[in-house]
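Beneath this line is the structure, given in structure tokens, with notes to follow.
The values are calculated or read from the model by the stated rules, or taken from the named source; none is laboratory data. Just so it is clear, the structure is predicted and the values come from calculations on it, not from any experiment. Methodologically, a virtual Cβ is constructed for each residue, glycine included, from the backbone with ideal geometry; neighbour enumeration extends over all protein chains shown.
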Amino acid sequence: MAERLYQYLTGYLVIKLLGTETERFLNLCAKRGIDLWKLKCINGTYYAQVRLKDYKNMHPAVRKTGVRPVIVSRRGLPFVLYRNRKRGMFAAGVLLCFFLILRLSFYIWDISVTGSYTHTPEQITGFLRENGIYAGAAKKEVDCAGIEALLRSTYEDIGWVSAEIKGTKLIIRISETSLTDTDPPSAGAQHIVAEKDGIVRQIVVRSGTPAVQRGDVVKQGDILISGVVEIIGDGEELMGREAVTADGEVWLATYYRYEDSLKLDHTEKLYTGEQITGAGLYSGEKELISWLPSHSFEQYDAVSWDYTAGLADFVLPLRIRVVRLYEYYEQTAVYTQEEAAALLNERLKRYLENLIAQDVCITENRVAIDIAGDTATAQGEILTQEQAWEYRAVEDEEWKQPEIEQETEIETEETS
Amino acid sequence: MRSRKTRRQNSHRDLYKEIERQEKKRHKDRESLLEQLAGRIDLPADMTAGVPILTLTGRYEVRIENYRGILTYTDTLVRIQAKSFCVCIEGKRLEIAYYTEQEMKITGMIAGVTYQART
């Protein structure tokens, strides 16, 4: 391939060999380092291709053998240029094309976000747009390390992020962590307090003083593990107090109230099967040309696909958007009792799955489904066990004793 | 009239001549001394004895290295001179894809490859 390109760039000739001692001519050419390729014998006439500069070096072989090489056609870039030498505008167009591509490669034309789960790519790109990074921004103004730091500091659940510019594409890879932020705030000593009402089921203290016992009923805001540690002397008298950051695990038995309802009457989409397809050319979000066949749909769903112009990572600010409209009409329908129950159960299941994903242990499910009139309701409590606690800073007055002004006698000894 | 002795001598002479001829023929069909040596000491024969290498890829392509030159070239027959013999490639619509001093490639529908003694 590279060789073909080189041949094209330097130019080559197709020649016809006239004479009798063709084989001898070929051997002589090979000996002199003249490469011949695509040798053909058509009805006793020999055709070959030869490089432009080798054609002149053939002279000694031509003289010795009497074979006459006749040029059939001239191929390659030098000849193309020569033939088009008077087409100034064409050359200008080619140059302009190169210049435009070069100029366009200085900008970001596409931002792709991968790996995000709870944050949609649109949310991330919207956030980046607010911070001056968008499709069309100059590459040199995009600071990848800055983007990484910005995303990490704004979204706390993003554990790892990498921003990379490849061609004209900004690729952002995100890895979200489902770990809740249990690291204590760095400044000062901390208590562990209850996040909600509940009964203490288990308590493990690593540092601090336990303030509750197993079985205690606690209210939201109650101290579970105190950050104040008393220092007891040998004679069991209080020597002093110290503030630390409490550390440990407290499992509380709590409950969640669950309520959900559903109207039995509802509207359903019924697709007619009619669909039409249109397409448009967009630059960024700006529409250049678009075409859509006329239609008489009253209600329809529109689904669109985007195709970006460009090669691999070098994308251009041009997009083709294909839009397809699906016609439907609305129809009122009534859920049967089984359908309603199944739907409510499905929603409850999703709610419970969400709780489990947050490390909540479900001990009992007391949700009942009831259908009365034209409404189906699901309500009840979900009993759980979870580590429902948070940090609260230890105030100074909780442990610092009021300073006793000690009278110090300064004894001075005067020596004379 | 030739004597019995002369006849016997003549018959012996013919027999030995025939044996010698057969021996010569056998010698000719054998590998050359250099090729034998190359085989013995495990050296590639193309380097020591200068024999050509033919690489046939499927039916439509043959690459040849280590040769002297082309003897004949038509669209049905290509004869190539090697150091001690001649390689004939027969086929239809034979083309020489490229031809340099070291290597050449012949494409086309190849019917057969035969060897001829040095001409």
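For segment A:78-91, filtering for residues that are among the hydrophobic types (A, V, I, L, M, F, W, C) and loosely packed, with under 11 Cβ neighbours inside 10 Å leaves 2. Checked against (1) of a type in the set (D, E, K, R); (2) surrounded by 18 or more Cβ atoms within 10 Å (Cβ to Cβ); (3) within 11 Å of chain B (Cβ to nearest Cβ), residue A:3 passes all but a single condition, namely (2).
Filter segment B:75-92 down to the residues that are touching a residue at least 24 places away in the same chain (Cβ under 8 Å) and over 12 Å from the mean Cα position of the chain (by Cα), then identify the one that is nearest to the other protein chains (Cβ to nearest Cβ). Among them, the one singled out is B:75.
Of all the numbered requirements in (1) touching a helix residue (DSSP H, G or I) at 6+ places or on another chain (Cβ under 7 Å); (2) away from chain B (no Cβ under 14 Å); (3) under 25 Å from residue B:69 (Cβ atoms), residue A:8 misses one, and that requirement is (3). Go through the residues of segment B:37-54 one by one and say whether even a single one is within 14 Å of another protein chain (Cβ to nearest Cβ) and β-branched (Val, Ile, Thr). Looking for residues that are within 14 Å of another protein chain (Cβ to nearest Cβ) and β-branched (Val, Ile, Thr), one finds none in segment B:37-54, hence no.
Residues considered: A:15, A:34. Of these, the only one that is assigned to a loop (DSSP other than H, G, I, E, B), more than 8 Å from chain B (Cβ to nearest Cβ) and not hydroxyl-bearing (Ser, Thr, Tyr) is A:34. Name the single residue, out of those in segment A:43-69 being over 21 Å from residue B:102 (Cα atoms) and facing chain B (nearest Cβ under 9 Å), that is surrounded by the fewest Cβ atoms within 10 Å (Cβ to Cβ). Selected residue: A:43.
What do you reckon, is residue B:69 surrounded by fewer than 11 Cβ atoms within 10 Å (Cβ to Cβ) and in the same structural domain as residue B:96 (by TED's automatic domain parsing)? For residue B:69, the condition - surrounded by fewer than 11 Cβ atoms within 10 Å (Cβ to Cβ) and in the same structural domain as residue B:96 (by TED's automatic domain parsing) - is not met. For residues that are among the β-branched types (Val, Ile, Thr) and farther than 20 Å from residue A:126 by Cβ, scanning just segment A:166-179, find the one that is modelled with the lowest pLDDT. Looking at residues that are among the β-branched types (Val, Ile, Thr) and farther than 20 Å from residue A:126 by Cβ, I get A:177. A single member of A:102, A:95, A:150 is surrounded by 13 or more Cβ atoms within 10 Å (Cβ to Cβ) and either among the aliphatic types (A, V, I, L, M) or within 30 Å of residue A:357 (Cα to Cα) (or both), and it is A:150. Flag: residue A:277 matches the condition of being more than 18 Å from residue A:393 (Cα to Cα) and at pLDDT 90 or above. Residue A:75 versus (1) surrounded by 12 or more Cβ atoms within 10 Å (Cβ to Cβ); (2) within 25 Å of residue B:108 (Cα to Cα); (3) without any contact (Cβ under 8 Å) to a residue 60 or more places away in the chain; (4) more than 14 Å from chain B (Cβ to nearest Cβ): which is the lone unmet condition? Here residue A:75 clears every test but (3).
Only one of the listed residues (B:103, B:95, B:65) is closer than 28 Å to residue A:51 by Cβ, within 14 Å of another protein chain (Cβ to nearest Cβ) and touching a helix residue (DSSP H, G or I) at 6+ places or on another chain (Cβ under 9 Å). That residue is B:65. It is to be established whether one or more residues within segment A:32-42 are in contact with a Gly (Cβ under 9 Å, 6 or more places away or on another chain), of a type outside the set (D, E, K, R) and surrounded by 15 or more Cβ atoms within 10 Å (Cβ to Cβ). Checked segment A:32-42: no residue is in contact with a Gly (Cβ under 9 Å, 6 or more places away or on another chain), of a type outside the set (D, E, K, R) and surrounded by 15 or more Cβ atoms within 10 Å (Cβ to Cβ).
In segment A:331-351, the count of residues that are assigned to a strand (DSSP E or B) and among the aromatic types (Phe, Trp, Tyr) is zero.
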